[in-house]
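Structure, as structure tokens:
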Amino acid sequence: MNEEIDIVIPWLNPTEQWFSQYKNYCENEDPCRIRDLNTIRPTIKSIIKNLPWVRYIWLIVFDEEQHNNLDWEELKNEKVKFIYHRDILPQEFLPNFNSMLIEAYIHKIPELAENFIFSNDDIIFVKPIPKEFYIKNNKIVHRKNTLHKRIDRFHNTYEYIINSTCKFIKKITGEYIRADDFHMPSIHKKSLLEFIWSKSKDEIYNSFTESRIRKHKNLSINDILQTLEEKYNMCEYDSFPQIKTSPIWLSDKTSKEDLIKLKNNNHIVCINDGELLTNKHCNEIANYIKEVFNT
């Protein structure tokens, strides 16, 4: 009946050492996958301020270099904990640049709470969020259509991962259940993730072999968890219509006013980088984000 909640965020801070290893495996990766747009600092600040009920903020980073040179007050907060890839990922998978793999090994974080929110470094909680938005009566709370269904917009990019995930779910449940890929802060039970591993350890492990970056055979553990939580009545639904959430798809045409409007009209925002934002305007947009959200 423990209702403590942690939040887990994989954080990419592309340092020189990180780049030197990354280029050995990812020569053709799109730059939007590896850029820093000044989102992580307001993300951390927003959690400390607007989610005071969160016990720990676990930041999963490549190594110490990604944070040791940052003199940010919020990083000194007792809630902020750093976990390095080497602490949770198998040695044979290192170095690794595949966020799907990191998702799969979250349960390896020492002291992780039974209830954890999996989020991203581009999601900012700009207004206070009640704890009941994520957990009620020791049941986690799901809601549909929060932020966006990534599969709808990026059908060709993510379809292969969703197909692999659906086949995996069928092996566990005996049913074909379509997994919807939600790019949103989602709450899960650590014990369910550990159970999935106990039943399918080899298959999960094998899905990530030779996957320094995302591959067609990778599994989306986030979607597996959400699907099984719904099937086995581990969650309940609550719409919370007063809590407004919205993404913004960054492009060369994104203005500071667009970001201000996004912040003023929502409780949770996703500042989504993508191919519509070229490197030419990247620094300009990063400065807008810093000015609007880093308060």
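The values are calculated or read from the model by the stated rules, or taken from the named source; none is laboratory data. Keep in mind that this is a model prediction, so the values were computed, not measured. No Cβ is skipped: glycine too gets one built from the backbone with ideal geometry, and neighbour counts run over all protein chains shown.
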| message | Can you tell me how many residues within segment 1-38 are exposed (fewer than 14 other Cβ atoms within 10 Å of the Cβ), among the polar types (S, T, N, Q), part of a loop (DSSP other than H, G, I, E, B) and modelled with pLDDT of 75 or more? | response | 1
| Filter result for the condition that a residue is farther than 25 Å from K215 by Cβ and either at pLDDT 95 or above or more than 16 Å from the chain's Cα centre (by Cα) (or both), over L89, L94, L112 | L112
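Are any residues in segment 56-94 among the basic types (K, R) and surrounded by 16 or more Cβ atoms within 10 Å (Cβ to Cβ), and if so, which ones? Full working, then the answer.
First, pick out the residues of segment 56-94 that are among the basic types (K, R): 76, 79, 81, 86.
Matches in segment 56-94: K79, K81.
Mind listing whichever residues of segment 46-91 are in a strand (DSSP E or B) and of a type in the set (D, E, K, R)?
Step one: of segment 46-91, the residues in a strand (DSSP E or B) are 54-61, 80-84.
Residues satisfying the conditions are R55, K81.
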| query | How many of the residues in segment 237-262 are surrounded by fewer than 17 Cβ atoms within 10 Å (Cβ to Cβ), over 20 Å from the mean Cα position of the chain (by Cα) and modelled with pLDDT of 85 or more? | reply | 10
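Out of segment 263-295, which residues are of a type in the set (A, V, I, L, M, F, W, C), touching a strand residue (DSSP E or B) at 6+ places or on another chain (Cβ under 7 Å) and surrounded by 18 or more Cβ atoms within 10 Å (Cβ to Cβ)?
We begin by selecting, within segment 263-295, every residue of a type in the set (A, V, I, L, M, F, W, C); these are 268-271, 276-277, 282, 285-286, 289, 292-293.
So of that shortlist, the ones also touching a strand residue (DSSP E or B) at 6+ places or on another chain (Cβ under 7 Å) come out as 268-271, 276, 289, 293.
If the condition is that a residue be of a type in the set (A, V, I, L, M, F, W, C), touching a strand residue (DSSP E or B) at 6+ places or on another chain (Cβ under 7 Å) and surrounded by 18 or more Cβ atoms within 10 Å (Cβ to Cβ), then I268, V269, C270, I271, I289, F293 are the ones that fit.
So which of T227, T209, T254 ends up being farther than 23 Å from T43 by Cα and either touching a Phe, Trp or Tyr at 6+ places or on another chain (Cβ under 9 Å) or assigned to a loop (DSSP other than H, G, I, E, B) (or both)?
Numbers: T227 fails: either touching a Phe, Trp or Tyr at 6+ places or on another chain (Cβ under 9 Å) or assigned to a loop (DSSP other than H, G, I, E, B) (or both); T254 fails: farther than 23 Å from T43 by Cα.
Going through T227, T209, T254 in turn, just one is farther than 23 Å from T43 by Cα and either touching a Phe, Trp or Tyr at 6+ places or on another chain (Cβ under 9 Å) or assigned to a loop (DSSP other than H, G, I, E, B) (or both): T209.
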